[in-house]
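This report refers to the structure that appears directly beneath it.
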Amino acid sequence: MPPSKQLRTNQGMYFSEEDARGVKQPHDDPLVIMIMIEDFNTRRVLEDNGSSADIIYLSASQQLKVDPKKLRTFESPLVSFSGDKVYPRGIVTLTVTAGSYPLQVTNQHNFLVIDSPSAYNVIIGRPTLNCWKAATSTYCLKVKFLTEQGIREIRGDQVLARECYQVVLASKENHTWTIEDKTPEIVEK
């Protein structure tokens, strides 16, 4: 590998307290960013290191004017932590640009198209994060990734993340879970 290329890929990506400047602490907000997908600024993009797939919700793909004919079949379901299965409408390859010139990366990524309600437009999972050689910090609400010109960072939108969370809460039914004692009742005579 040429020395200049090696220097670029070996730059240290780390997070410090300086990276957290401007973030209202303490918080448990998700990392929600904006990226360019198919030449559209796409907001409400959730960075999810726990997701093994990149997902675009059907309503977002329609707003991006993704041709339904571009969808390829995808037969495997997505399985949530609760065991729920969701069958994608298909898979589509989209052009994604993160960052801005000259510190940007543009790649083709495969997205599963999901037809279900969501507070987010897109979920960026490990496939894209690994392609970008990205490092994320939920504490700092930042994602950093390598470009040919050096390291680029994108700050998460804390206000938007909280708005998305409120949408999720509003859409959930109110459930009250009761923990019952299994010991038999003793009745005195």
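The values are calculated or read from the model by the stated rules, or taken from the named source; none is laboratory data. Remember, it's a predicted structure, so these values are computed and weren't measured experimentally. Using ideal geometry, Cβ is built from the backbone for each residue, glycine included, and neighbour counts are taken over all protein chains shown. Quick note on the areas: whole protein, heavy atoms, side chains included, nothing else; ligands and nucleic acids left out. Shrake-Rupley method; radii C 1.70, N 1.55, O 1.52, S 1.80 Å.
Considering only protein heavy atoms, what per residue accessible area in square angstrom results for the stretch 33-99 with a 1.4 angstrom probe?
Using a 1.4 Å probe on heavy atoms only, each residue of the stretch 33-99 averages 61 Å².
Can you compute 3J(HN,Hα) from phi for each residue in the stretch 46-55, using the Karplus curve 6.51 cos²θ - 1.76 cosθ + 1.60 with θ = phi - 60°, rounded to whole Hz and x for Gly and Pro?
Residue by residue, the stretch 46-55 yields 8, 8, 10, 4, x, 8, 8, 9, 9, 10 Hz.
Please compute the net charge surrounding Asn121, taking Lys and Arg as +1 and Asp and Glu as -1 over other residues with Cβ under 14 Å from its Cβ.
-4
Apply the Karplus curve 6.51 cos²θ - 1.76 cosθ + 1.60, θ = phi - 60°, to the phi angles in the stretch 135-150 and return the couplings in whole Hz, x for Gly and Pro.
10, 10, 9, 6, 5, 8, 6, 9, 10, 10, 8, 8, 10, 5, 9, x
Carbon and sulfur atoms: what percent of the 1.4 Å accessible area of the stretch 37-123 do they account for?
49
Give the residue list of trypsin sites (Lys or Arg not before Pro) in the stretch 11-109 that are DSSP loop and have at most 14 other beta-carbon atoms within 10 angstrom.
Here the sparse-neighbourhood loop sites are Arg21, Lys24, Lys65.
I'd like the antiparallel share, as a percent to the nearest 5, of DSSP beta bridges with both residues in the stretch 9-141.
Taking every DSSP beta bridge within the stretch 9-141, about 80 percent pair in antiparallel fashion.
In what sequence, largest accessible area first, do Tyr101, Tyr165, Tyr139, Tyr120 appear using a 1.4 Å probe?
Order by accessible area, largest first: Tyr101, Tyr165, Tyr139, Tyr120.
Using the alpha-carbon centroid of each, what span in Å lies between the stretch 105-142 and the stretch 45-81?
Their Cα centres are 10 Å away from one another.
Probe radius 1.4 Å, ligands and nucleic acids left out: which of Thr138, Thr93, Thr73 has the largest accessible area, and how do the rest follow?
Result of the area sort, largest leading: Thr73, Thr138, Thr93.
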